[in-house]
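Participant: Structure incoming, see below.
The values are calculated or read from the model by the stated rules, or taken from the named source; none is laboratory data. Everything numeric here is computed off the predicted structure, so don't read it as measured data. Counting neighbours? That spans all protein chains shown, and the Cβs are built from the backbone with ideal geometry, glycine included.
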Amino acid sequence: MAEQIQRVYVPSAIEDGGNTLSLGCFSSEATAWNVLRSFLKKSDQMLLVSASVVVWDIDVIGSHGLTVLASLECKDCPVCSRQTFWVDLENFSALCHGDACAAWVEESTHEPGVIDCGWPALRFLKQTKSIEEAFKELFALGDQIKAAGITDTVSIQASEAMLDEFENLT
Ligand SMILES: [Zn+2]
């Protein structure tokens, strides 16, 4: 007999206007996250304001059975400007889910109080003292990229050539 499911993991997203988009319910947290992440890749084609992953215990009446694992808020990406930058409000971290971007901000795991930010496409990585400063760094990078005429459709090779130029500038 198959093991009985005790908990279900439920990812969902909320549209501008308050409509909830249900993405299903899953027996593992990893699957729920995979479903949500692949959905958020296309968030620039929709008007989403937030998303969450919650877990429901089976056969519990009322909200005691509900635990919120993560609440995410959608922002414009500082680097690619698409509405694909998702900020995790519980444990501060942010990641752009847009194609070929993946700009991120996160508290350093090694040094408490230090905020790291980066953009993998250019292997850009900076340490800052605050979240605001980290966003400023990413906005500055985004401006450089736009000024150089690099768009999200451009190949990584072209981006790497841009990196050398960018490093010479700074
Ligand atoms: Zn981005």
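Participant: Which is under 15 Å from the mean Cα position of the chain (by Cα), surrounded by 14 or more Cβ atoms within 10 Å (Cβ to Cβ), not assigned by TED's automatic domain parsing to the domain that holds I5 and not charged (D, E, K, R), of W86, W33? Steps first, please.
Facilitator: Values: W33 fails: not assigned by TED's automatic domain parsing to the domain that holds I5.
Being under 15 Å from the mean Cα position of the chain (by Cα), surrounded by 14 or more Cβ atoms within 10 Å (Cβ to Cβ), not assigned by TED's automatic domain parsing to the domain that holds I5 and not charged (D, E, K, R) holds for just one of W86, W33, which is W86.
Participant: If you take the residues in the range 94-110 that are part of a strand (DSSP E or B) and over 8 Å from the mean Cα position of the chain (by Cα), which one is surrounded by the most Cβ atoms within 10 Å (Cβ to Cβ)? So that I can check it myself, show each step before the final result.
Facilitator: Filtering the range 94-110 for residues part of a strand (DSSP E or B) gives 94-96, 104-107.
Still in the list and also over 8 Å from the mean Cα position of the chain (by Cα): 105-107.
Numbers: V105: 24, E106: 18, E107: 15.
Applying the filter and picking the extreme gives V105.
Participant: Now a separate question. Can you tell me which residue within the range 111-123, out of those that are buried (at least 19 other Cβ atoms within 10 Å of the Cβ) and either at pLDDT below 95 or of a type in the set (A, V, I, L, M) (or both), is farthest from H97 (Cα to Cα)?
Facilitator: I115
Participant: Can you spot a residue in the range 56-67 that is away from the ligand (no atom under 12 Å from the Cβ), among the aliphatic types (A, V, I, L, M) and not assigned by TED's automatic domain parsing to the domain that holds L36? Outline the logic, then answer.
Facilitator: The first filter runs over the range 56-67 and keeps only residues away from the ligand (no atom under 12 Å from the Cβ), leaving 56-67.
Next, from what is left, pick out any that are among the aliphatic types (A, V, I, L, M): 58, 60-61, 66.
Filter again for not assigned by TED's automatic domain parsing to the domain that holds L36, leaving none.
The answer is no; no qualifying residue exists.
Participant: Could you tell me which numbered condition S52 fails, if it satisfies all but one of (1) within 16 Å of the ligand (Cβ to nearest atom); (2) not assigned by TED's automatic domain parsing to the domain that holds D143?
Facilitator: It fails just one condition, (1).
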